[in-house]
Each structure stands twice: as structure tokens, then as C-alpha cells.
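What follows is a single structure, written as C-alpha cells, with notes after it.
Bear in mind that the values in this text are calculations on the coordinates, not laboratory data. Quick caveat, the model's predicted, so the values are computed rather than measured. Glycine also receives a Cβ, built like all others from the backbone with ideal geometry; neighbour counts cover every protein chain displayed.
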Amino acid sequence: MREDSVLKNLECLLTEKEVTDMGAEMAKNFVEEAEVLSAKKDSMSGFKSQIDDIRKRQGCLSNCITTGVEFRDVECQIEYDWENGMKSIIRLDTKAIVQKLEITEEEQQEHLNI
């Protein structure tokens, strides 16, 4: 069946508030890391996974703050250009074309049967 919309993970510019919120989350994340590291002294097993997860999030937050962008799922619309055999995937939030693809044979057949 031919799709009329798709959810794509696309780059989104962060607002100043989002960067500030991520900075606050990163600071909280560092405190959380310190607490886990302190508890690690008492019992080494089981904490490595928690620390790895925290550090992974720190890396993600740091990258977002540094670049000012984050990849998020963005609702997109698919527009078909039957004459040229192409379809465009368009972000609904900015109306920007994010991808152009050839229409598949299956889609062409469905279109002709309508």
C-alpha cells in the first residue's frame, strides 16, 4: 500500500532554552555520575553498566550543546511526482525537502490501479 507520510529522524536546530535545559541536565548528570562512582567504592559489581549509560548520555548532551542540533523523529509528508517518477519527503515542521527518491514499481502499479 502506498504511504502518504513517514516519520524520519532529522536534524533540528535547538532553541536557547533547549541548550540551557540540556546544560542543566548535563550538570545533573555529572552529579549523578559522582554519586554512582562513590557508591562503586562500596560495591564494584553492577555499577559499570550504570556508569556507561550515564557517560553515554553525557556524550550525547555534550554533542548537542556543542553542535546546537539534535536528531529527532520529525513527521514528514510524501509527495509523489508521477510525471517524473519521483517522490519527495518533506518535513512538516519546516516544509523542507529532506529526500528525493524514485517511485518504486509497486507504487507506480498502485497508482495506475486507482
TODO: Would you list the P(r) distribution for segment 13-69, with all Cα-Cα distances sorted into 5 Å bins from 0 and each bin expressed as a whole %?
DONE: 4, 20, 26, 19, 12, 10, 6, 3, 1
Task: Rounded to 10°, Cα long-axis angle of helix 47-67 versus longest principal axis of the chain - done: 60
TODO: Would you mind checking the radius of gyration and Dmax of the chain based on alpha-carbon positions, in Å?
DONE: 22.0, 69
Open item on the list: Name the residue from Asn63, Val74, Leu7 whose Cα lies farthest towards the positive end of the charge dipole of the chain, charges +1 on Cβ of Lys and Arg and -1 on Cβ of Asp and Glu.
Closed with: Asn63
- [ ] Set Lys and Arg Cβ to +1 and Asp and Glu Cβ to -1, take the dipole of segment 27-114 about its Cα centre, and tell me which of Asn113, Leu101, Gly85 lies farthest positive.
- [x] Leu101
Task: Sites Asp53 and Lys8, calculated FRET efficiency, Cβ-Cβ separation with R0 30 Å, nearest 0.05 - done: 0.70
